[in-house]
Amino acid sequence: MTGSEAPPSFRLAYVPGVTPSKWVRIWNERYPDVPLELVPVAAAEAPGVLRDGGADAGLVRLPVDRAFFSAIPLYEETTVVVVPKEHVVAAVDEVTAEDLADDVVFHPLDDVLDWERPPGQPGFERPATTSDAVELVAANVGLLVVPQSLARLHHRKDLTYRTLVDGPQSGIALAWPEEATTDLVEDFIGVVRGRTANSTRGRSAPQAEEQPKRKRPQPAAARRKPAPAKKSAPGRRGKPRRRS
């Protein structure tokens with residue numbers, strides 16, 4: 001590398017609700033010479049950021065365009081309903097969509113759940129963002145259904161949430177443009193999949209130097225000792241005969 005060349009770096013986009021800190025920590029331990037830059041993006045904007053090269057890979061919400069992106073599904077989130085603490089729903093552990101039939105349930109324009117038909121009664125308008133919808137819930141105007149991570153992200157002391165058992169779920173995946181599967185992308189795939197630093201599938205695993213082959217020691221039975229020399233027959237040891 002010449003003095004004018006910038007060191008390599010890896011740019012990771014991530015959508016609201018995703019917490020990449022565990023993988024970032026492992027990356028920094030394993031590749032201290034390759035900075036990892038986090039790029040926060042809205043869920044709807046993530047595919048465009050990856051297509052335009054604004055990030056090398058992204059932690060995004062499914063579905064993605066599989067004709068353009070490679071994707072590794074990571075997990076699915078629990079779906080919850082956000083309600084004021086004094087609402088009747090707060091008294092139970094979980095609810096169904098039918099339980100919300102008489103309530104106003106907001107459906108923000110940045111909603112990430114794939115509804116055939118949102119539960120409850122429609123609001124007087126569709127809030128622009130999930131954050132705006134949370135403000136309306138706090139004002140006791142209606143309720144909101146979101147993935148659990150977004151309920152935590154927009155936590156307020158006057159609100160709580162309960163599990164919606166029959167709502168659609170939002171899946172999180174690691175995605176990147178298929179034609180841009182670089183060595184650094186492969187390295188991050190290894191981190192996400194839990195490969196060790198010395199995994200044979202990891203690009204950065206050091207190659208063991210080939211050692212000269214040593215001669216295999218022969219088994220003891222094969223190391224034959226030279227046969228002992230044959231002893232001549234012992235001569236007679238009688239008294240010498242005297243000549244007459």
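Odds and ends about this structure:
- Selection from segment 131-158 of residues that are of a type in the set (D, E) and outside any helix (DSSP H, G or I): D158
- Any hit, segment 111-127, residues being under 15 Å from P16 (Cα atoms) and not β-branched (V, I, T): yes
- Segment 181-191: number of residues that are open to solvent by less than 40 Å² (accessible area, probe 1.4 Å) and within 13 Å of R11 (Cα to Cα): 4
- Within the option set A71, A55, A43, being open to solvent by 30 Å² or more (accessible area, probe 1.4 Å) and not in a helix (DSSP H, G or I) holds for one residue only, A43.
- When every residue of segment 123-131 is checked against the conditions, none turns out to be surrounded by 21 or more Cβ atoms within 10 Å (Cβ to Cβ), among the small types (G, A, S) and more than 25 Å from E37 (Cβ to Cβ).
- V95 vs. criteria buried (at least 18 other Cβ atoms within 10 Å of the Cβ) and farther than 30 Å from E178 by Cα: yes
- L62 surrounded by 15 or more Cβ atoms within 10 Å (Cβ to Cβ), touching a residue at least 60 places away in the same chain (Cβ under 8 Å) and farther than 17 Å from R193 by Cβ: yes
- If the condition is being open to solvent by 60 Å² or more (accessible area, probe 1.4 Å) and part of a loop (DSSP other than H, G, I, E, B), then segment 159-175 contributes V165, D166, Q169.
- Note on segment 34-69: among residues that are small (G, A, S) and under 14 Å from the mean Cα position of the chain (by Cα), the one that is nearest to V105 (Cα to Cα) is G58.
- Being open to solvent by 40 Å² or more (accessible area, probe 1.4 Å), more than 30 Å from T196 (Cα to Cα) and in contact with a Ser or Thr (Cβ under 7 Å, 6 or more places away or on another chain) holds for only one residue in D102, D110, and it is D110.
The values are calculated or read from the model by the stated rules, or taken from the named source; none is laboratory data. Note that the structure is a prediction, hence the values are computed from the model and not measured. In this analysis, Cβ positions are derived from the backbone assuming ideal geometry, glycine residues included, and neighbour counts consider all displayed protein chains. These accessible areas exclude ligands, DNA and RNA; they are computed on the full protein's heavy atoms, side chains included. Shrake-Rupley method; radii C 1.70, N 1.55, O 1.52, S 1.80 Å.
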